[in-house]
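Let me begin by presenting the structure, written as structure tokens, before commenting on it.
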Amino acid sequence: MPQPNHVMAIHVPDDSDLERNLNDRMRKYFAICRTKIGFVPNVLKSYAIRPEKLANFVNFYNELMLGESGLSKLEREMIAVVVSSANHCYYCIVAHGQAVRELSGDPELGEMLAANYRVADLERRHVAMLDFVYKLTKEPEQISDSDRQSLREAGFTDNEMFDIADVAGFFNMSNRVAIAMDMMPNREYQGLNR
């Protein structure tokens, strides 16, 4: 059975609404998305119902996922998939699973991370990172010094540990919004990087 055809469960701005309501910066950003990946991600269309929230979302996302960090882009996308899997967020599993496929060059890794990251043949560093974000997502009150120590022993710096927590926190928040609004990923993600 294919996924539902809607972008989300409530009204999403159409192209004429976007043209009228978005500022020049966001119109340019949407044009870059169309040029770079061939479509505007549905999460951006969804946030466009509140243009000020869209700008904040884009700024925060770009800083976390593309900004300077000791974490690679792939590591950040791996965190997104594992957190989203723990939260059962279909949108982010599909969208960020595709990013994992693209960045890793591995057509299977995204699905392994989504189903059970422990089945993937990962470096010790990545296992420690994903163990931490999974626990942070499922049992945040159980995080302790021993969990941070496990990250240190895997080679993470204090700044990198902060970035791990920051990325995990962002996806815990955005997963809940996506689930609450029944956001559907763009179908294009499914066939990319296979």
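Remarks
- Ala95 being under 10 Å from the mean Cα position of the chain (by Cα) and not acidic (Asp, Glu): yes
- Within segment 171-194, the residues that satisfy the criterion of being part of a loop (DSSP other than H, G, I, E, B) and in contact with a Phe, Trp or Tyr (Cβ under 6 Å, 6 or more places away or on another chain) are Met183, Pro185, Asn186.
- Residue in segment 175-187 that is free of Cβ contacts under 8 Å to residues at least 24 places away in the same chain, among the hydrophobic types (A, V, I, L, M, F, W, C), under 22 Å from Ser69 (Cβ atoms) and outside the structural domain of Val40 (by TED's automatic domain parsing) present: no
- Members of segment 134-161 that are surrounded by fewer than 13 Cβ atoms within 10 Å (Cβ to Cβ), free of Cβ contacts under 8 Å to residues at least 24 places away in the same chain and part of a helix (DSSP H, G or I): Pro140, Glu141, Gln142, Asp145, Ser146, Gln149, Asp158
- Among the residues of segment 64-73, those identified as more than 11 Å from the chain's Cα centre (by Cα) and either surrounded by 17 or more Cβ atoms within 10 Å (Cβ to Cβ) or within 17 Å of Asn172 (Cβ to Cβ) (or both) are Ser69, Leu71.
- Residue check for His88: closer than 18 Å to Ile179 by Cα and surrounded by fewer than 22 Cβ atoms within 10 Å (Cβ to Cβ): yes
- Exactly one residue out of Val100, Val83 is free of Cβ contacts under 8 Å to residues at least 40 places away in the same chain, within 26 Å of Asp158 (Cβ to Cβ), surrounded by 15 or more Cβ atoms within 10 Å (Cβ to Cβ) and of a type in the set (A, V, I, L, M), and it is Val100.
- When the residues of segment 2-58 are filtered to those that are more than 20 Å from Ala180 (Cβ to Cβ) and among the acidic types (Asp, Glu), the one that is surrounded by the fewest Cβ atoms within 10 Å (Cβ to Cβ) is Asp24.
- Selected residue [more than 20 Å from Asn42 (Cα to Cα), in the same structural domain as Met184 (by TED's automatic domain parsing) and at pLDDT 95 or above] from Asn87, Asn116: Asn116
Each row is one residue, and each column tells you yes or no for (1) of a type outside the set (S, T, N, Q); (2) touching a strand residue (DSSP E or B) at 6+ places or on another chain (Cβ under 8 Å); (3) within 23 Å of His6 (Cα to Cα).
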| residue | (1), (2), (3) |
| --- | --- |
| Ser85 | no, no, yes |
| Tyr90 | yes, no, yes |
| Val94 | yes, no, yes |
| Ala99 | yes, no, yes |
| Pro107 | yes, no, no |
| Leu113 | yes, no, no |
| Val119 | yes, no, no |
| Leu122 | yes, no, no |
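- Pro107 meets each of the listed conditions (1) part of a loop (DSSP other than H, G, I, E, B); (2) within 22 Å of Ala154 (Cβ to Cβ) apart from (2).
- Test: residue in segment 94-107 that is touching a helix residue (DSSP H, G or I) at 6+ places or on another chain (Cβ under 9 Å) and at pLDDT below 95: yes
The values are calculated or read from the model by the stated rules, or taken from the named source; none is laboratory data. Computed from a predicted structure; not experimentally measured. Quick reminder, even Gly has a Cβ in these numbers, built from the backbone with ideal geometry, and neighbours come from all protein chains shown.
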